[in-house]
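See below for the structure under consideration.
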Amino acid sequence: YTYNMQKTTNKSAAIDFYDDDNYWNNFNANYDEAAGDAHWGAERTLFYLKENYNRLSYDDLNSPLVSYVHYDYNYVNAFWNGQEMTYGDGNGVGFTPLTSLDIVAHEIGHGVTEFSANLIYQGESGALNESFSDILGAAVEFAYDSAGGDWKMGEDIMNTGMGLRNMRYPHLFNDPDTYLGLNWGR
């Protein structure tokens with residue numbers, strides 16, 4: 001399920017997306033293509049989990065994947081809240097909607113971790129949670145992105161193409177590459 005938050009933070013105000021001709025390109029000034037991207041990314045991630053791990057959704061109980069797009073105004077983030085995914089539209093300058101395939105899979109990855117490992121989201125266990133989500137994001141991107149995968153996280157939502165993190169070259173973003181290594185605990 002994918003809902004339109006209409007640039008609010010109130011989920012009770014969310015509505016369905018509509019398309020008069022059932023041709024879901026939705027490229028417009030509101031970035032409504034973000035709905036298709038989030039929905040397709042959730043579907044691909046669901047298939048990836050089933051095909052590779054015989055896992056039925058994030059909780060292995062076949063729960064539906066629920067996405068909310070157009071969250072807030074100029075919101076440059078996406079998040080899993082324990083039940084669903086929420087995606088901002090970026091700021092229109094350096095960031096477009098945060099609904100790229102790797103980010104969608106990353107957010108669902110938080111659900112997988114929550115229901116399989118129950119890591120507390122702080123310190124080292126929080127870092128593991130983020131890392132596992134990045135790995136799932138990259139794996140789904142390698143499996144289903146027509147341009148092929150890479151080790152960057154979120155490069156498709158940035159005008160620079162740099163990404164938010166780089167698993168191949170973590171030092172580009174001052175992230176550590178080894179346990180207790182350079183940039184640890186920054």
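The values are calculated or read from the model by the stated rules, or taken from the named source; none is laboratory data. A quick note: this is a predicted structure, and the numbers were derived from the prediction, not measured. A quick note on method: Cβ atoms are made from the backbone with ideal geometry, for glycine too, and the neighbour counts reach across all protein chains shown. Protein only, heavy atoms only, side chains kept; ligands, DNA and RNA dropped before computing areas. Shrake-Rupley method; radii C 1.70, N 1.55, O 1.52, S 1.80 Å.
Among the residues of the stretch 58-115, those identified as acidic (Asp, Glu) and either closer than 15 Å to Tyr48 by Cα or touching a Leu at 6+ places or on another chain (Cβ under 9 Å) (or both) are Asp59, Asp60, Glu84, Asp89, Asp102, Glu107.
If you check Leu98 against the conditions, is it part of a helix (DSSP H, G or I) and out of contact with any His (no Cβ under 7 Å at 6 or more places or on another chain)? Before the answer, list the steps.
On the way: part of a helix (DSSP H, G or I): no; out of contact with any His (no Cβ under 7 Å at 6 or more places or on another chain): yes.
So Leu98 fails the test.
Of all the listed residues (Thr113, Thr99), the sole one being open to solvent by less than 30 Å² (accessible area, probe 1.4 Å), over 14 Å from Gly41 (Cβ atoms) and in contact with a helix residue (DSSP H, G or I) (Cβ under 9 Å, 6 or more places away or on another chain) is Thr113. Checking each residue in the stretch 170-186 for being open to solvent by less than 70 Å² (accessible area, probe 1.4 Å), over 18 Å from His106 (Cβ atoms) and touching a Pro at 6+ places or on another chain (Cβ under 7 Å) picks out Pro176, Asn183. Here the stretch 48-86 is the region considered, the condition is being within 16 Å of the chain's Cα centre (by Cα) and more than 24 Å from Ala117 (Cβ to Cβ), and the residue that is surrounded by the most Cβ atoms within 10 Å (Cβ to Cβ) is Val69. A residue that is over 20 Å from Pro176 (Cβ atoms), assigned to a loop (DSSP other than H, G, I, E, B) and touching a helix residue (DSSP H, G or I) at 6+ places or on another chain (Cβ under 7 Å) occurs nowhere in the stretch 125-140.
Of the residues screened, Leu119 is one that is modelled with pLDDT under 95 and in contact with a helix residue (DSSP H, G or I) (Cβ under 7 Å, 6 or more places away or on another chain).
For (1) surrounded by fewer than 12 Cβ atoms within 10 Å (Cβ to Cβ); (2) among the polar types (S, T, N, Q), each residue gets a yes or a no:
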site: Gln122; (1), (2): yes, yes
site: Phe132; (1), (2): no, no
site: Ala138; (1), (2): no, no
site: Tyr144; (1), (2): no, no
site: Lys152; (1), (2): no, no
site: Gly161; (1), (2): yes, no
site: Arg168; (1), (2): yes, no
